[in-house]
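Below is one structure, written out as structure tokens; the observations come after it.
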Amino acid sequence: MSQWWGQWLELRGIYWLDLCGVAVFAASGALTASRKQMDIVGFCLIATVTGIGGGTIRDLLLGQGAVYWIASPEYVLICIAAGVLLFFTAPFLESRYKALLWADAAGLALFCVTGAEKALDAGAPLPVAVIMGVMTATFGGIIRDVLCAEVPLVLRKEIYATAAAAGALVDVMLALTGAGLIWAQVAGFLTAFGIRAVGIAFGVSLPVYKARAGRDY
């Protein structure tokens with residue numbers, strides 16, 4: 001009985017963590033819509049594709065059948081609610097771009113963990129689970145930025161996908177070694193968020209390619 005109860009709590013923990021990730025990413029999408037001066041429909045649309053985009057692609061690639069938000073429409077409702085709320089409150093945020101970066105960082109850290117764990121539950125090996133964690137954490141933001149005509153964060157020199165990969169790897173490694181799901185989630189989240197926070201706060205970035213003069217042959 002106690003084992004069943006523990007498994008149920010672990011599953012519910014992933015569910016609530018996933019809901020939090022969707023809400024935070026949806027808020028980042030709505031903040032981007034505010035910078036583009038969209039109407040309330042635009043807010044809801046961008047919030048929704050940002051909140052559920054990465055998880056949708058993950059489920060399709062893992063062959064999970066119907067994607068998760070079709071069976072659980074509360075995910076879409078949370079995105080719409082975030083869009084409506086930010087439509088009326090975004091003007092009160094002094095620096096919407098900074099708020100966008102921190103909201104996106106929190107969503108990145110949450111989704112790299114839940115994405116990796118859902119891939120493990122589907123029977124994916126460790127490397128695939130880490131990749132699915134990165135995709136879950138980054139593809140919603142990519143769709144958001146493309147629709148809003150901005151260069152996706154993942155393609156800029158800022159530390160972004162690297163943070164998601166590190167968080168997913170820590171979570172998967174701890175989960176597979178039997179450290180306990182909650183500890184794995186916390187460690188994975190703190191790893192991803194901490195690395196991304198360093199990049200935001202101190203401007204740390206990966207080295208970029210610098211063009212050089214061509215050679216004459």
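The values are calculated or read from the model by the stated rules, or taken from the named source; none is laboratory data. Model, not experiment: these values are computed from the prediction. Cβ placement follows ideal geometry from the backbone for every residue including glycine, while neighbour counts extend to all protein chains displayed. For the accessible areas, the whole protein counts, side chains as well, though only heavy atoms, and no ligand, DNA or RNA atoms are used. Shrake-Rupley method; radii C 1.70, N 1.55, O 1.52, S 1.80 Å.
Points worth noting:
- Fully extending the segment from TYR97 to ILE200, taken as 0.36 nm per residue of separation minus the present Cα-Cα distance, adds 35.9 nm.
- 18 Å cut-off, amide nitrogen to a point 7 angstrom out along ILE40 Cα→Cβ, residues in region 64-84: 77-84
- Relative contact order (%) - criterion: Cα under 8 Å, at least six apart; region: region 32-120: 35
- Sequence of TRP183, TRP69, TRP102, TRP16 when ordered by accessible area, the most exposed leading, probe 1.4 angstrom: TRP183, TRP16, TRP102, TRP69
- Computed over protein heavy atoms with a 1.4 Å probe, the carbon and sulfur contribution to the accessible area of region 10-108 reaches 70%.
- Cα shape, region 63-170, gyration tensor, a/c 1.5 rule: oblate
- Lysine-lysine proximity count for the chain, Cα under 24 Å, sequence distance 8 or more or distinct chains: 4
- Hydrophobic, long helices, defined as DSSP H runs whose alpha-carbon span along the helix axis is 18 Å or greater and whose mean Kyte-Doolittle value is at least 1.6, occur in the chain at 74-89, 126-147, 161-176, 181-202.
- Tensor-based shape of the chain (alpha-carbon gyration tensor, a/c under 1.5 rounded, otherwise prolate or oblate): oblate
- Sorting LEU155, LEU86, LEU190 by solvent-accessible area of protein heavy atoms yields LEU155, LEU190, LEU86, largest first, with a 1.4 Å probe.
- Solvent exposure of the chain amounts to 51 Å² per residue of accessible area, where only protein heavy atoms count and the probe is 1.4 Å.
- Taking all protein chains together, ASP59, ASP121 sort by accessible area into ASP121, ASP59, largest first [probe 1.4 Å].
- In nm, spacing of pseudo-spin labels at ALA149 and LEU190 (7 Å Cα→C-beta vector): 4.4
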